[in-house]
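In what follows, a structure is listed as structure tokens, so that the remarks can point back to it.
The values are calculated or read from the model by the stated rules, or taken from the named source; none is laboratory data. Please read all numbers here as calculations on a predicted model, not as lab measurements. Don't worry about glycine lacking a Cβ; one is built from the backbone with ideal geometry, like all the others, and counts go over all protein chains shown. Please note that ligands, DNA and RNA were not included when accessible areas were found on the heavy atoms of the full protein model with its side chains. Shrake-Rupley method; radii C 1.70, N 1.55, O 1.52, S 1.80 Å.
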Amino acid sequence: ARHPVIRSYVYVGDIINAVVGWLLQAKQETLIFDVSSSQMIEIGELAEQICRLTDRDSTAIVRDYDSSLPADRYVGEETVFEKLYRVPNKRGLLLEEQIRLTYNYMRLA
């Protein structure tokens, strides 16, 4: 995209932990929530970070990018999702670790 595209990511294991935490509550309530994180990143920066963490050449990333254009921002709303964790103050896996785990999984596939 020519404009900034900002997203947040949550590791699948953290989603499973949150859902299991909800299931183990004494009284389950119906919840509607975004799977979201406070870790936000612009997609081009994500591509650069993936290259750096996986020892890839980032010169293959080609963008006609203009940071002054309005951003496409969807990062969800994390308040309800955070409350689902069974461990108090658990923030989930950091993006860098999510990238490493995903990369290692995909290399083996």
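A few comments on the model shown:
- For the chain, the longest site-free run once trypsin sites (Lys or Arg not before Pro) in DSSP loop states with at most 15 other Cβ atoms within 10 Å are removed: 28-55
- Remark on Val5: its backbone amide H falls under 5 Å from those of Ile43, Gly44, Asp72, a criterion applied only to residues 5 or more positions apart or on other chains, H modelled at 1.01 Å from N.
- Share of Cα-Cα pairs in the chain lying beyond 16 Å, as whole percent: 66 percent
- Taking the Cα centre of the chain as reference, the dipole from Cβ charges on Lys and Arg (+1) and Asp and Glu (-1) amounts to some 380 debye.
- Its DSSP H runs of at least 4 residues, each contributing -39,500 (n - 2.57), put the calculated 222 nm mean residue ellipticity of the chain at -11500 deg cm²/dmol, to the nearest 500.
- Of all accessible heavy-atom area on the chain, the percent that carbon and sulfur account for (1.4 Å): 56 percent
- log10 of Debye I(q)/I(0), alpha-carbon scatterers only, for the stretch 8-71 at 0.14, 0.17, 0.19, 0.30 Å⁻¹: -0.64, -0.78, -0.87, -1.27
- Sequence-separation-based contact order of the chain, relative, with Cα cut under 8 Å and 6+ spacing, percent: 46 percent
- The mean accessible area for residues of the stretch 30-75, using a 1.4 Å probe and ignoring ligands and nucleic acids, is 71 Å² per residue.
- Accessible surface, 1.4 Å probe, highest first, among residues Leu31, Leu53, Leu94: Leu94, Leu31, Leu53
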